[in-house]
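Asker: I am attaching a structure below and will ask some questions about it afterwards.
The values are calculated or read from the model by the stated rules, or taken from the named source; none is laboratory data. None of these values were measured; they are calculated from a predicted model. Glycine also receives a Cβ, built like all others from the backbone with ideal geometry; neighbour counts cover every protein chain displayed.
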Amino acid sequence: MEEPSVLDYLKSKLNPWKHERLDLPAAPPKVGEARPIKSVAAARTASPAQPGAAPAARTEALRLPLPRRSLGALFFALAAQFALRPTPGRDWVLGAAFLGIAFVLLAWAAFSNEIRLAEIPAKTDQTDAPPFSPVSFVVGGALAVSAFIIFMVPFFDGKQPQFTWLNLIVLSLALFFVGGAFWAPARSWIEAGRGWVQSLRNLPWRLSINRRSLIAMLAVGLALFVRFYRLGGVPPEMNSDHAEKILDVLRLLSGQTMIFFPSNGGREALQFYLVAGLHRLFALPLDFLTLKIVTASVGFLALPFIYLLGKEIASPRVGWLAFVLAGVAYWPNVVARVGLRLPFYMLFTAALFYFLARGLRRNSRNDLILAGVFLGLGFYGYSADRILPLLALVAFGLFLIRRQPAARRKSALISFTALILVSLVIFIPLFSYMISAPEHFFERMFTRMGDWERPIGDPIFQVFMHNTGRALAMFSWDAGVVWPISIPGYPALGIVAGGLFYLGAGLVLIRYLRQRNWTDLLLLISIPILLLPSILSLAFPEENPNLYRTSGAFVPVFLLGGLALDGLMSTMQNKTPGQLGNWLAVGLAGILLLAHTVQEYTLVFDDYFVSYQRSAWNSSEMGGVARDFLAMHQGSANVWVVGFPNWVDTRLVANNAGLPGVDFELKTENIPATQEQAGPKLFMLNPQDNKNLAALQALYPQGWLQYYKSRVETKDFLLFYVLQENAE
């Protein structure tokens, strides 16, 4: 090999990311001078001093080689997140300074090759063009048009489109044929069936646990525990949104199989069908816990896609690290626990992201068809999912602009067309509803983006930029004040998750500048895209940011955290060779994950629980009193909650009493009419409602008053009993 010149040496120092690293050779030791010992292993293998030999001039102290720049970047990133936490008198300047130091150290470590991200796995492109079936496509297209016409028939009669067995069967056949026209089977169904049977026969059918399976079980078990522990009590109370949800489920159970529920600003239907299915199949009551079982399960199902995505673009270790970071995190946990349809944004984002990345990277048409399936289903989950087509378009655009063979670009165009067509077929029912009732379908969106409910005060671009800045700051500063789905004023990420997120974003940005990987750019760009449902609240900027309209961003955020932690572990292993490096890497990851789990656990089960309990009205306590009263009198009694401004939702009291769909509200003008009802009577009143209490005491002088002391301070209420035997 030709000896490098002085110019080559200068180039390697000035542009280390472009040229091979060159170092000046060490000068030979002088006679009688001892060589410095660089490692413990070298010290052990060094020749012992010979008798009579001259003693060494000096010896260098043994040092443990550590990636100091990388660990320094980690320290300052964690310090920045700690400094920015909500405390009295906090100052963003100190946190920004720490974060700036962390980025400088990180760049130094990255450009000196001290820390590197896991390499993107080699592509396994499908070289053969997948088949296309024109006959299947024509049949599927005809069925899709037929399904649309069938869905629109009620509209011509002045009714809203609904799901029926006929239109669902036709729609399913249309999806089967349209998707089948582009599907690329690796082998026939008969051969596939034979392969599955043979694979079952070849299974060892014995229980064996290796290190990988043990890690997987621990990760899944930890996430299951954190996501479902104390699900019945955290959060503790329903709010008015839950009352609307239960009413929609009751409408569905009564036979109104609606495509879209127009109440309360418009609601997507998927959650209601899942709750109704649990109620019918397992006789679960229509209460808060059943709502939370569905949404917590939906939120948990997003985690496997986090793992698969990490494995697809990095390594299985990155996938598991991201899985654990997201699985125990406060942000996605509270969004999934609250019993509203919000976690569908997380699930469909994670699934779409995975199949998009896999399909485009591997030139796999089948994966892109599955991406289209999840994209279409997302329209039935939560309104924030309507931003996902933009994510798909951006991912496809980033993939196309890179250099690649024309045949590969053509194949990607066909596959992406299949994605769009499949998603459009699934969207047909909602499309029919959108045509028949656009004012309901777009109400939630246009009341926030436009002036349907109130005018936008400042110039639109100014509000948009202000919202964007606040949304991007939510990870470390403030994630909003919506108390049912957050701790008001607290950031979306804890100390460990926030520090790793910023390190991961910095490392991915550096790698993109050096290697121009489109998946790296997609990870970074996807974050502001998935924040848009919150950013676009232009008419109500006070609703931005919030944890639920931004929850889709948890996919790239925690994936970046997993990449950073994996990079630190690899750096520790490489810098300290041998078994010691492995133990140091595992120890570092264990300490960070343990600290992360403890903090996020505290945030959910202590801070969030207390904040929610203080803000919500105690309808469960009131419902429990009503339930006991009705049971004591064998259902012949009457219960009312006397209305009072800004007090408890009377529908929730009835629901907690075991009477979903009933409203216990009693207005002031209707109090005299209660005399017409036979049987014992129970009235619940706000302690400040002196006017209605006086009216009841005048109407029922034989009644008696009880003050109910709530377990939550400031949530006490009054009970006014009128028993049947004292009514005369």
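Asker: Where the second residue is assigned to a helix (DSSP H, G or I) and surrounded by fewer than 15 Cβ atoms within 10 Å (Cβ to Cβ) and the first is acidic (Asp, Glu) and lies in the range 687-716, which pairs have Cβ atoms under 8 Å and are six or more apart or on separate chains?
Answerer: So the pair list comes out as GLU713/ARG614.
Asker: Count, please, the residues in the range 618-642 that happen to be more than 19 Å from GLU676 (Cβ to Cβ) and not in a helix (DSSP H, G or I).
Answerer: 2
Asker: Moving on. Closer than 30 Å to TYR612 by Cβ and over 46 Å from the mean Cα position of the chain (by Cα): which single residue out of LEU723, LEU682, LEU659, LEU693 fits that description?
Answerer: Criteria check complete, one pass: LEU693.
Asker: Sticking with this one: Hey, among LEU547, LEU559, which residue is surrounded by 19 or more Cβ atoms within 10 Å (Cβ to Cβ) and within 23 Å of VAL234 (Cβ to Cβ)?
Answerer: LEU547
Asker: I've got another one for you. Please indicate, with yes or no, whether at least one residue in the range 71-88 is loosely packed, with under 14 Cβ neighbours inside 10 Å and free of Cβ contacts under 8 Å to residues at least 60 places away in the same chain.
Answerer: Yes, the conditions are met somewhere in the range 71-88.
Asker: Hey, another quick one. Using the structure shown, decide if PHE305 is assigned to a helix (DSSP H, G or I), touching a residue at least 12 places away in the same chain (Cβ under 8 Å) and more than 30 Å from ILE487 (Cβ to Cβ). Write out each step before concluding.
Answerer: Details: assigned to a helix (DSSP H, G or I): yes; touching a residue at least 12 places away in the same chain (Cβ under 8 Å): yes; more than 30 Å from ILE487 (Cβ to Cβ): no.
So PHE305 fails the test.
Asker: Which residues, counting only those in the range 165-209, are of a type in the set (Ser, Thr, Tyr) and at pLDDT below 95?
Answerer: Matches in the range 165-209: SER188, SER199, SER208.
Asker: What do you reckon, is GLY643 touching a Ser or Thr at 6+ places or on another chain (Cβ under 8 Å) and modelled with pLDDT under 95? Working first, answer last.
Answerer: Details: touching a Ser or Thr at 6+ places or on another chain (Cβ under 8 Å): yes; modelled with pLDDT under 95: no.
No: the conditions fail for GLY643.
Asker: Is there any pair with a first residue in the range 581-600 that is under 15 Å from SER570 (Cα atoms) and a second that is not in a helix (DSSP H, G or I) whose Cβ atoms are under 6 Å apart and which are 6 or more apart or on different chains, and what are they?
Answerer: Filtered contacts from the range 581-600: LEU584/THR576.
Asker: While we're here: From ALA595, ALA564, grab the single residue that is within 20 Å of ARG85 (Cβ to Cβ) and surrounded by fewer than 18 Cβ atoms within 10 Å (Cβ to Cβ).
Answerer: Result: ALA595 is the single residue among ALA595, ALA564 that is within 20 Å of ARG85 (Cβ to Cβ) and surrounded by fewer than 18 Cβ atoms within 10 Å (Cβ to Cβ).
Asker: Also: Can you pull out every residue in the range 546-577 that is more than 18 Å from VAL338 (Cα to Cα) and part of a loop (DSSP other than H, G, I, E, B)? So that I can check it myself, show each step before the final result.
Answerer: First, pick out the residues of the range 546-577 that are more than 18 Å from VAL338 (Cα to Cα): 553, 555-577.
The answer is THR576, PRO577.
Asker: Let me ask something additional. Of the residues GLY299, GLY277, GLY255, only one is assigned to a helix (DSSP H, G or I), over 22 Å from the mean Cα position of the chain (by Cα) and not aliphatic (A, V, I, L, M); which? Break it down stepwise before answering.
Answerer: Values: GLY299 fails: over 22 Å from the mean Cα position of the chain (by Cα); GLY255 fails: assigned to a helix (DSSP H, G or I).
Criteria check complete, one pass: GLY277.
Asker: Does ASP451 qualify as being surrounded by fewer than 23 Cβ atoms within 10 Å (Cβ to Cβ), of a type in the set (Asp, Glu) and under 30 Å from LEU521 (Cβ atoms)? Break it down into steps so the answer makes sense when it comes.
Answerer: Numbers: surrounded by fewer than 23 Cβ atoms within 10 Å (Cβ to Cβ): yes; of a type in the set (Asp, Glu): yes; under 30 Å from LEU521 (Cβ atoms): no.
Criteria not met by ASP451.
Asker: Only one of GLU669, GLU725 is modelled with pLDDT under 95 and either part of a helix (DSSP H, G or I) or touching a strand residue (DSSP E or B) at 6+ places or on another chain (Cβ under 6 Å) (or both). Can you tell me which?
Answerer: GLU725
Asker: When ARG386 is evaluated against the numbered criteria (1) over 30 Å from ASP606 (Cα atoms); (2) at pLDDT 95 or above; (3) touching a Phe, Trp or Tyr at 6+ places or on another chain (Cβ under 6 Å), which criterion, by number, is the only one it fails?
Answerer: All conditions pass for ARG386, except number (3).
Asker: Still on this structure, please answer the following. Does ARG549 satisfy the condition of being at pLDDT below 95 and in the same structural domain as TRP477 (by TED's automatic domain parsing)? Even if it seems obvious, please write down each step before you answer.
Answerer: Working: at pLDDT below 95: no; in the same structural domain as TRP477 (by TED's automatic domain parsing): yes.
No; evaluated as a whole, the condition is false for this residue.
Asker: If you scan the range 357-386, which residues turn out to be acidic (Asp, Glu) and either crowded, with 24+ Cβ neighbours inside 10 Å or closer than 17 Å to LEU530 by Cα (or both)?
Answerer: Within the range 357-386, just ASP385 meets the criteria.
Asker: Another question about this same structure. Within the range 326-371, how many residues are more than 9 Å from the chain's Cα centre (by Cα) and part of a helix (DSSP H, G or I)?
Answerer: Counting residues in the range 326-371 that are more than 9 Å from the chain's Cα centre (by Cα) and part of a helix (DSSP H, G or I) gives 24.
Asker: For the range 395-412, does any single residue satisfy the condition of being of a type outside the set (Lys, Arg) and closer than 17 Å to LEU303 by Cα?
Answerer: No, there is no match, as no residue in the range 395-412 is of a type outside the set (Lys, Arg) and closer than 17 Å to LEU303 by Cα.
Asker: Right, something else. With ALA654, ALA589, ALA631 as the choices, which residue is surrounded by 17 or more Cβ atoms within 10 Å (Cβ to Cβ) and not assigned by TED's automatic domain parsing to the domain that holds LEU253?
Answerer: Answer to the selection: ALA654.
Asker: Under 7 Å by Cβ, and 6 or more places apart or on different chains, what pairs join a residue from the range 441-458 that is part of a loop (DSSP other than H, G, I, E, B) with one that is of a type in the set (Val, Ile, Thr)?
Answerer: Final answer for the pair search is GLU453/THR447; ILE456/VAL463.
Asker: Which of the residues belonging to the range 505-519 are out of contact with any Leu (no Cβ under 6 Å at 6 or more places or on another chain) and part of a helix (DSSP H, G or I)?
Answerer: LEU509, ILE510, LEU513, ARG514, GLN515, THR519
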